[in-house]
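Working notes, structure below.
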Amino acid sequence: MKHLKPGLFYFLLLISGIGLFFSCKKTFDEPALPKDPDLKATHTIAQLKAIHVEPGVLDSIQEDMIVSGVVIANDKSGNLYKQIYIQDETGALQLMLDASGLYNSFPVGRKVFVKCKGMCVSDYGGMIQLGVKALTGGTPSIQAVASNLISEKVIGGSLNNPVKITEVNEIRDLVDNDMQDPLLGNLIQLKDFQFEDTTKTYSDTSAYKQTENVLIKNCGGAKINIRTSGYSNFSGVRVPSGNGNLVAIYTVYMPTRSDKKQLILRDTSDVQFKGFRCGSGPTTTKDIAEVRQLFSGAPVTVTAGTSITGIVISDKSTANINAQNLVLQQGNDKAGIVVRFTAAHNFDLGDSIRVNVSGVSLSEFNSTLQVSNIPLENATLIVKGKSITPRVATIQEINTNFETWESTLVKIADLQLSGGSAGKYSGSVTLTGTGGTLVMFTATAATFSSQSYPASVKSITGYLSQFKTTKQIGIRNPATDVVQ
Amino acid sequence: MYRNLLVSTIFSFSILTTYAQSLPANDTLPTRDTLIEEFKEGVLDNIPVVSVDDNDASDASSQNVASVLTAGRDPFFSAAAFNWSPARFRMRGYDADMFTTFINGIPMENLDNGFTPFGLWGGLNDVMRNRDITVGLRPTSFGFGDIGSNTNIDVRASKQRKQTSFSYAISNRNYRHRAMLTHSTGLNKQGWAFTFSGSIRYADEGYVPGTFYDSKSYFLAVDKLVGQKHLFSFSVLGAPTSNGRQGASLKEMQQLAGTNFYNPFWGYQNGKKRNASVATTHQPFFLLSHEFRIKNNARLNTGISYSFGERAVSALDWYNGADPRPDYYRYLPSHYEEDDPLQAAAMRNAMSNDINLRQIKWDKLYLANRVNNETIQNVDGIAGNNITGNRSRYILQERVINSNRLNFNTVLNSQLIGGHNFTWGLSYQQQKNHYFQRVADLLGGDFYVDLNQFAERNFPNNPNISQNNIDQPNRIVKKGDQYGYNYNININKTASWMQFDFKTAKLDYFFAAEASYTQFWREGLVRNGLFPNNSFGKSATNTFYNFGLKGGLTYKINGRNYFYANAATLTKPPFFENVYLAPRNRDFQQEQDLKSVAVNSFEGGYILNAPNLKFRANLYYTTTRNDYNVLSFFHDDYRNFVNYALSNINKVHYGAELGFETRLSSTLTLTGAAALGRYYFDSRQKAFITLDNTTAILGKDETIYSQNYRVPSTPQEAYSLGISYRSPKFWFVNLTANYFDQMWLDFNPIRRTDAAVDGLADKSPLRNDILRQTQWAGQYTVDFFGGYSWKLPATMNVQGKPLFLVFNVGVNNLLNNQQIITGGFEQLRFDFDDRNINKFPPRLFYGYGANYFASITLRF
């Protein structure tokens, strides 16, 4: 055993030494974060899109062209499939890429460079797309870039680049008949919108997984569809019931007759409808005069959280006013305004009401200022049987203060009546009095329109309005308003 | 048929009569024959085993081929083991579980699949030279055994040749460098013997691109002889190994890569090749044995061994991301061929020229993980416990099997009056395998979540069902944490056997019988959401009572000519991996009352052992009945794993084995061998098809028309002819030519059902295409090896012993035939819509082209 030990010791030492040498396990070095490659864009997205002029045609790109953009939308939620959208300062572009999980390589904010030579630009319903021209059984078509060729055509760059969202105030300002419009395929933000039907889900939850539209509207009545695929991971989510802002991709489908515009969401976090719906929520009562001040020639939206109160000075029962309209005067010697609802209302003469005019359009209809397109639920009855004391004035005074006294109740003394048709109230009857003339207008549908008017009266009470350039007064009921 | 292609080339010839192994002579001069054999061992040590998985089925195989366990010179078995193993020849077409291995009399096979884990002692060839091998149905002195072959390796320190040797070898197979050092003291006067052996096998990249090899083996043995009767031995051995593996791939990818050795498992990371499928194993063995010489003619050998440790295989795992495998069918040009031939052509061009398009894109995986900032709500089921960070979409997982093995064996050999032998033995084996998944690398992310994405996809509104562990829902895991499946399989086997062998002048005959009792059960360690009542805790225990009977006789015409005939009938319990449908998430099994596999075998032949001519001819006929198998694969459309549980598997193997060796002159020898076999599946199998991540049953009692399909992945015919020249000046050369034929591809059972050919006319070409089994063309190879032994001048003697320097070099497949398909499988998916068999083409493995092994050994 003695001669064993030193030999053993040396052998063990030798082997363990060699073993240690080989046993150190090197961990793999992690790759660096991506940065921009050594490429420069030769064309802008707008210049690329300009190649495609005629809808449906497959335009091949023959020249060496490089466009670059920032990824603004990808397939992460499943709403988009095998496509991503990129934007630069000139516009946005849809890239067709045949792979799943594109969001893993092309997260929102990543800069990409697209080598367009050999690729093909076409459109789908007016939305320009970049893909590859293919011959499927002899028929040419545009197809997505094949999976293993994507890295050749689309070079990824740095991450977390800024993404531009364009704020759009009016839906009608969005262009839907020009494929080159820079907002097509781009991210837009709309403010103060809400879902029309809050019982719906974003898309089809059945096995068919169809793509479905859900409508959103703002308080002014502008509306647009949100189109969502049944395969998105939020297709079964109930739409939010509030009102607020939303970011979406603006797209069109031009072949449809109406409603060409549509929005595509990236995911539900783009929809921030957390505020009160139109006509609900806390409001501050403003003077009608203040609301009238908001108007300066062009239609304007009344600020959110505004309501007006007043007493109805028109009479729906005599039908001298459109069934959807009423004239509201805040109080004695206060201002008034025409209120137009979306449907025939139920308010009577003398009702004291409150109307929520948040987000409602303030405009002139034939020169008479009105707040319009108000849903009936926006108006609530406070109490019935109130009355306004009419302002006593001469025609001269009326003409001077017409704008301020529009839609308020006035009483004019000692008038001569003439004109009209065959001595009946119907139509325009001229009132002559101190300081001038004034037209008294009665609608044909009014209950008293075929009644004959007296030649002269002691006083007439009515509300002032304008029809284009003609100043008018309208009565509710000759029995009460015309004193002989 | 088990999908793992572990080649079990444990062949050798055994001396016909069973003598106890005598202690080797104290002579360090290597005989010429052992020179060749040692060399062959070294070569075979370096032939890799490729594990064949269509997906991530649990892989319990070891990673090395058995080296030639031969010290004999039988021409047939020498050819079978050495020349034919590169073509994955399996003797008689048997699976590896038909061959047993004992070390110091203790059984070593895994109870879970019957395979011998050779990889666990790879590189220790120097101490494994004492082998007692019986082939076929012959009796052994150490166990009842199985019908293929039975080997006992005596590694006891006192049985090792007293010698020191150091060797260094280079090669271009799965490892490139090997250094081995062995020192044995032999039994000294005080009764002590000591042996030490260590080896390092290393390659930065082996023959196949992306494969690396890193293994260190160690062996220590101590013997003490107490008095004259008791020999106590203790050994410890282990081979911690880590290697990058090769995956079977598609012809299309191999063509794009320009080589049959395309490996889809690796990709470049920061300029270095990184392999996603790395196997890491370290399972040391401790053996304690006792030999008791009761009397001069009676011996009692008792041994006990214990082994523990894990085998882990890594793979990419992903959650809601695109498939990261580079040969996924959607990334191939063929996917675009029909609709977009222009892009298909552009892809072929791009992929042939850019290697990165053909391999794993590691950068992409890291990027996906780094941009995925997410908040996980209610982690661990605690309300409000929200964690935010980069959630990995792709990780490197490890599928781990942590095994504990206890083996005990005692054998009494006694010689009766008249020279007859009586043997009795008792053994107990117990194994517990702990299967689980573990996060190996988060690939740039901060965490991963323990969810079943397949169940989540199927039941998006049910948050519980996607939990792998409902007791700890929404679990966050990081590097080194267990996730996913977690279960134990416990097996134990108790067996007792006895054997009588009788010798008379003209006739030797024997009779042996064995009875055994096996039990196994599953024990789930997590309760998962899909099968909450069938995943956690102990399952029902499966119990099997089995028996075996063996017998035979040898008629000795004279000292040179023998006729023999042997027969055996035995039953074996099915392996649990063929019985549990999807043990990862449930304890359902193929049937409640499992049947044992019935094996019947017969062999007979003639042996001639003349001084200038050796000849053997053997005929055999074997049937196996009532076997089971479970195949799993990932199905794209279902986005789920599909399990085929097959039952009623019967096989028949029959054929002839011939070998001869003639001395043409004193230096020239001619050897030849031929194996002609026919191995068929002999029944219509039944399939029960389930989807891994739902409770759905896709098919029940489906008939698989498998009758007369061939057993795949082995040449059913193999021939070799070799010529050797041995110079009296201690050098030799050998040239052998081999031919392989009747190689068949493993078939997809689903393609052989009524549904697959539904509506097709009887003789239509499409029907034939779908049903037929693919056969590969015959292949030939030429092998060369040679060696030289140089006895150094006496002045260099070490401690009075002469010093030898031995050189060996061998080139296998000298003509560089790279078309030998050694294995593979038809993909388990079938295109039922278009019946296009080329939509999911087979995955194939090829045998290496020309490869070499050269070694230099210093011995004294």
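Just so it is clear, none of the values below were taken in a lab; they were calculated from the coordinates. Since the structure is predicted, the reported quantities are computational estimates derived from the model, not experimental observations. All Cβ positions, glycine included, derive from the backbone under ideal geometry; neighbour counts span all protein chains shown.
Peptide B:320-333: average number of partner chain Cβ atoms within 10 Å per residue?
Mean partner-chain Cβ count within 10 Å for B:320-333: 3.
Give me a single rounded figure for B:363-371: the average over its residues of other chain Cβ atoms within 10 Å of their Cβ.
6
Taking a ≥ b ≥ c as the square roots of the eigenvalues of the Cα gyration tensor of the stretch B:133-231, is the shape rounded (a/c under 1.5), prolate (a/b larger than b/c) or oblate?
Judged from the Cα gyration tensor, the stretch B:133-231 comes out oblate (a/c at least 1.5, b/c at or above a/b).
Does the stretch A:62-178 come out rounded, prolate or oblate by the C-alpha gyration tensor, with a ≥ b ≥ c the root eigenvalues, rounded set by a/c under 1.5 and, if not, prolate when a/b is larger than b/c and oblate if not?
oblate
Which net charge results for the neighbourhood of B:PRO611, defined as the other residues with beta-carbon distances under 12 angstrom from its beta-carbon, given Lys and Arg at +1 and Asp and Glu at -1?
+2
Quick one: net charge of B:ASN838's neighbours, Cβ under 11 Å, K/R +1, D/E -1?
-2
Obtain the nm distance between the two label points defined at B:ILE382 and B:LEU676 by a simple spin-label model: each point lies 7 Å from its Cα along the Cα-to-C-beta direction.
Computed distance between label sites B:ILE382 and B:LEU676 equals 7.4 nm.
Please give every one of the lysines within straight-line cross-link reach of B:LYS229, meaning a C-alpha to C-alpha distance under 20 Å, and leave out same-chain neighbours fewer than 8 residues apart.
Partners within reach: B:LYS159, B:LYS189, B:LYS295.
With each run of n ≥ 4 DSSP H residues scored as -39500 (n - 2.57), what mean residue ellipticity at 222 nm is computed for the protein assembly as shown after dividing by its residue count and rounding to the nearest 500 deg cm²/dmol?
Only helices count here, giving -2000 deg cm²/dmol.
Arranged by the count of other C-beta atoms within 10 angstrom, fewest first, what order do B:SER789, A:SER147 take?
With the sparsest Cβ surroundings first, the list reads B:SER789, A:SER147.
Does a label point 7 Å from the Cα of A:ALA319, set along Cα-to-beta-carbon, have any residues of the stretch A:423-451 with amide nitrogen under 16 Å, and which are they?
A:425-427, A:442-451
Can you tell me what share of the DSSP beta bridges in the protein assembly as shown is antiparallel? A percent to the nearest 5 is fine.
95 percent
Cβ neighbours within 10 Å, averaged per peptide: list B:230-237, B:373-380 in order, most packed at the top.
B:230-237, B:373-380
How would you order B:343-350, B:832-839 from highest to lowest mean count of nearby Cβ atoms within 10 Å?
Listed from highest to lowest mean packing, they are B:343-350, B:832-839.
What is the list of residues in the stretch B:826-855 whose amide nitrogen lies under 18 Å from a point 7 angstrom out from the Cα of B:ASN768, following Cα to Cβ?
Those under the cut-off are B:836-838.
Can you list which of the trypsin sites (Lys or Arg not before Pro) found in the stretch A:355-438 are DSSP loop residues with at most 14 other C-beta atoms within 10 Å?
Listed in order of number, the matching sites are A:LYS384.
So which lysines can B:LYS572 reach, going by Cα to Cα under 28 Å and dropping same-chain residues fewer than 8 places off?
Within reach: B:LYS432, B:LYS493, B:LYS538, B:LYS550, B:LYS595, B:LYS651, B:LYS686, B:LYS700.
Please work out, to two decimal places, the log10 of the ratio I(q)/I(0) at q = 0.06, 0.08 Å⁻¹ from a Debye calculation in which every Cα of the protein assembly as shown carries one identical scatterer.
Each listed q corresponds, in turn, to -0.67, -1.00.
Net charge near B:ARG586: determine it from the other residues with C-beta under 12 Å of the C-beta of B:ARG586, scoring Lys and Arg +1 and Asp and Glu -1.
In short, +1.
Suppose the chain between A:LYS384 and A:THR470 were pulled fully straight at 0.36 nm per residue; how much longer would it get relative to their current alpha carbon spacing?
27.7 nm
Show me, for the stretch B:403-414, the HN-Hα J-couplings you get by feeding each phi into the Karplus relation (A = 6.51, B = -1.76, C = 1.60, θ = phi - 60°), rounded to Hz, glycine and proline as x.
Here the 3J(HN,Hα) series is 10, 10, 10, 10, 10, 9, 8, 9, 9, 10, 10, 9 Hz.
Report the label-to-label distance for B:ALA656 and B:THR795 in nanometres (one decimal), using points 7 Å from each Cα along the Cα→Cβ vector.
Spacing of the two 7 Å Cα→Cβ label points: 6.0 nm.
Against the longest alpha carbon principal axis of chain A, how many degrees, from 0 to 90 and to the nearest 10, is the axis of helix A:4-23 turned?
On a 0 to 90 degree scale, this one is about 30.
Give the lysines whose C-alpha is closer than 20 Å to that of A:LYS111, dropping any in the same chain fewer than 8 places away, or say none.
Reachable lysines: A:LYS35, A:LYS40, A:LYS49, A:LYS76, A:LYS82, A:LYS153, A:LYS164, B:LYS361, B:LYS364.
Specify which residue in the list B:VAL127, B:ILE170, B:PRO107 is farthest towards the positive end of the charge dipole of the stretch B:99-235, using unit charges on the beta carbon of Lys, Arg (+1) and Asp, Glu (-1), about the Cα centre.
Sorting the options by dipole projection puts first B:VAL127.
Can you tell me how much longer the chain between B:PHE308 and B:PHE422 gets when fully stretched, taken as 0.36 nm per residue apart minus their C-alpha distance, in nm with one decimal?
37.6 nm is the gain from fully extending B:PHE308 to B:PHE422.
Under the definition of Cα pairs under 8 Å and six or more residues apart, what whole-number percent is the relative contact order of chain A?
Once normalised by length, the contact order is 9 percent.
How large is the charge dipole for the stretch A:231-298, taken about the Cα centre, if only the Cβ atoms of Lys, Arg (+1) and Asp, Glu (-1) carry charge, to the nearest 20 debye?
Using only the charged Cβ atoms, the result is roughly 160 debye.
Can you pull the mean other chain C-beta count within 10 Å for peptide B:336-348?
5
Compare the peptides A:310-321, B:312-323 by average per-residue count of other Cβ atoms within 10 angstrom and give them in order, highest first.
A:310-321, B:312-323
Pull out the extension gain between B:ASN188 and B:LYS538, defined as 0.36 nm times the separation in residues minus the alpha carbon to alpha carbon distance; nm, one decimal.
Full extension of this stretch gives 120.8 nm more.
So if I restrict to the alpha-carbon atoms in the stretch B:32-859, what is the Rg, and what is Dmax, the biggest pairwise distance, in Å?
27.6, 88
Evaluate E = 1/(1 + (r/R0)^6) for A:THR400 and A:THR256, where r is the Cβ-Cβ distance and R0 equals 56 Å; express this FRET efficiency to the nearest 0.05.
My answer for the efficiency is 0.60.
Can you give me the C-alpha center-to-center distance between the stretch B:157-205 and the stretch B:550-576, rounded to a whole angstrom?
Cα centroid of the stretch B:157-205 versus Cα centroid of the stretch B:550-576: 36 Å apart.
Report, in debye and to the nearest 20, how large the dipole of chain A comes out about its Cα centre when Lys and Arg carry +1 and Asp and Glu carry -1 on their Cβ.
1140 debye
About its Cα centre, how strong a charge dipole does the stretch A:133-206 have in debye, to the nearest 20, once Lys and Arg get +1 and Asp and Glu get -1 at the Cβ?
With Lys and Arg at +1 and Asp and Glu at -1, about 460 debye.
Would you work out which of B:ILE649, A:THR285, A:PHE441 lies farthest towards the positive end of the dipole of the protein assembly as shown, given +1 charges on the beta-carbon of Lys and Arg and -1 on that of Asp and Glu, about the Cα centre?
The Cα lying farthest towards the positive end belongs to B:ILE649.
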